[in-house]
Ligand code: DGL
């Protein structure tokens with residue numbers, strides 16, 4: 001048993017989809033969430049900046065003596081190198097490998113689509129992870145840069161016309177590739193799950209990266225005797241004003257946030273402090 005917290009971060013609110021799943025699977029775990037709301041989006045930036053931001057986020061979580069760190073962000077997960085994640089010094093997972101494993105297990109046709117931010121798709125990280133598991137699989141990638149701002153601004157209703165139009169633009173070409181599995185390679189995208197599902201006429205298995213990393217965490221903690229038996233409290237930290245966070249987070253997580261939200265000066269934390 002280990003009652004230390006699980007540390008989890010994202011560039012903004014998307015990682016809360018992983019928190020939601022963690023709370024469902026592991027209700028006794030203490031969770032510390034950091035959302036870099038002052039610097040979102042990461043996905044339109046260059047790799048070196050994303051790496052720096054992600055390492056600062058990790059250094060912040062490490063200050064809280066967490067037992068495990070999860071990058072609930074496709075962009076950060078894709079940008080970090082194994083050399084960087086090896087330096088963290090405590091167990092870590094991003095969303096890429098757990099999502100790739102789920103996609104490989106689900107595909108029958110061997111044709112998998114991956115959508116994500118521009119940085120994620122450019123990195124090719126999901127494709128590499130998929131091919132390391134199933135070299136025979138064909139991977140089709142497409143960047144969907146407008147999805148994150150649409151989600152962050154609450155354009156997530158299943159019948160939202162603007163998001164539906166944007167999604168058609170991004171996804172109809174991919175439908176022609178006859179994929180049978182689609183990785184929603186950014187943790188914001190499950191918030192528009194039904195819009196994406198409708199475009200594929202519910203014929204494609206959609207992989208939710210937040211859910212997959214939460215499942216991975218459950219397996220890892222159980223296997224290593226690290227499961228917690230606490231009260232399941234959540235602490236939330238953000239890098240912009242916490243105003244409005246509670247309401248939007250409640251929408252993302254499907255439950256009310258009872259704890260306070262604290263603002264952090266993330267720029268003051270050195271990424272070299274690991
Ligand atoms: N949730 C992040 C991801 O999974 C959002 C990316 C962004 O900040 O652009 O990629």
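Each value in this text was obtained by applying a stated rule to the coordinates, not by laboratory testing. Note that the coordinates shown come from a computational prediction; the quantities given were computed from them, not determined experimentally. Cβ sites come from the backbone with ideal geometry, for glycine too, and all protein chains shown count toward neighbours.
Packing here is the average count of other Cβ atoms within 10 Å per residue, and on that basis the peptides 207-214, 71-78, highest first, run 71-78, 207-214.
A convex hull fitted around the alpha carbon atoms of the chain yields 115 Å³ per residue. Between helix 96-106 and the chain there is an angle of about 40 degrees, using the helix long axis and the longest principal axis of the Cα atoms. Relative to the longest principal axis of the Cα atoms of the chain, the long axis of helix 209-223 lies at roughly 50 degrees. For the range 105-212, the normalised intensity computed at q = 0.17 Å⁻¹ comes to -0.74 (log10 of I(q)/I(0), Debye sum over alpha carbons, equal scatterers, no solvent).
Compute the acute angle (0 to 90°) between the alpha-carbon long axis of helix 47-62 and the principal axis of greatest extent of the alpha-carbon atoms of the chain; round to the nearest 10°. So the helix axis and the longest Cα principal axis differ by about 40 degrees.
Exposure proxy shown here: for 271, 243, the number of other Cβ atoms within 10 Å sets the order, fewest to most, as 243, 271. Need the C-alpha centroid separation for the range 101-144 versus the range 196-211, integer Å. The distance from the Cα centre of the range 101-144 to that of the range 196-211 comes to 14 Å.
As a proxy for reagent exposure, 234, 87, 144 were ordered by neighbouring Cβ count within 10 angstrom, fewest first; the result is 87, 234, 144. Computed over the chain with a Gaussian network model linking Cα atoms closer than 10 Å, the most mobile of 28, 142, 160 is 160. With helices as the sole contributors, the chain gives -12000 deg cm²/dmol at 222 nm; each DSSP H run of n ≥ 4 counts as -39500 (n - 2.57), and the sum is divided by every residue. Rank 189, 126, 92 by mean-square fluctuation in a GNM of the chain with C-alpha springs under 10 angstrom and give only the top-ranked residue. Residue with maximal mean-square fluctuation among 189, 126, 92: 92.
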